[in-house]
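Below is one structure, written out as structure tokens; comments come after it.
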Amino acid sequence: MPFTLPPRTPSGPRRRSLLASAAGAFVLVGCSAPEPSTDTAVHSPSAADRARARAARDSESLAARYAAVITAHPPLAARLKPLRAEVVRHAQAFGGSGTAGSRPSGSPSASGSPSASASARPSSSPTVPAQEKDALADLAAAERTLADQRTKALLTVPGELARLLASVAAAGAAHAFLLTEGAK
């Protein structure tokens, strides 16, 4: 029986493996985020810095709302002061001063219409509903809205800030629950 040589296999990578490697490298390069250059980072704040500043402002605004409700409805003070203190700590954790709302300017206006205070809007003098139950519901709605905004922002910020946002969003959801728990 004659001995035949096996067909010659080319040395080195095959065409398919080269194409697959090139496609894989293209996908990896396309998915990676560009590194920020030091020139642009010095002149403009990063997205994380803007998100942190926004979160601090939102917490300070919420603390001002708590302060307005406490001023307008003193019987709620014992229930609301610990929650407000947490909101102030959240503002400080995001780099804010945490002093917003400590002394509300003037007296908050009492409104009998729930639509006037239904939105979570920042203002220098938040409108407080005339009824305690409505004021608590308004605070709970503001806490829920802010928790939802922070949850959505998780995907756009880096790791450590995302963890902080998640923690504060969870605390806000818990505050909303505590604010509505007594109404039932």
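The values are calculated or read from the model by the stated rules, or taken from the named source; none is laboratory data. Bear in mind that the values here come from a model prediction, so they are computed numbers and not experimental data. Cβ atoms come from the backbone with ideal geometry, glycine included; neighbour counts cover every protein chain shown. Surface accessibility is based on the protein's heavy atoms, side chains included, excluding ligands, DNA and RNA. Shrake-Rupley method; radii C 1.70, N 1.55, O 1.52, S 1.80 Å.
Computed values, structure above
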quantity	calculated
Total residues in region 150-183, condition under 11 Å from the mean Cα position of the chain (by Cα) and part of a helix (DSSP H, G or I)	18
Test: residue in region 94-102 that is open to solvent by less than 10 Å² (accessible area, probe 1.4 Å) and either at pLDDT 95 or above or not in a loop (DSSP other than H, G, I, E, B) (or both)	no
Identity of the residue in region 41-80, outside any helix (DSSP H, G or I) and among the polar types (S, T, N, Q), that ends up surrounded by the most Cβ atoms within 10 Å (Cβ to Cβ)	SER46
Neighbours by Cβ (under 6 Å, 6+ apart or cross-chain): first from region 136-149, in a helix (DSSP H, G or I); second among the polar types (S, T, N, Q)	ASP138/SER117; ALA140/THR180
Only listed residue being modelled with pLDDT of 95 or more and over 22 Å from the mean Cα position of the chain (by Cα), chosen from ALA68, ALA141, ALA110, ALA130	ALA68
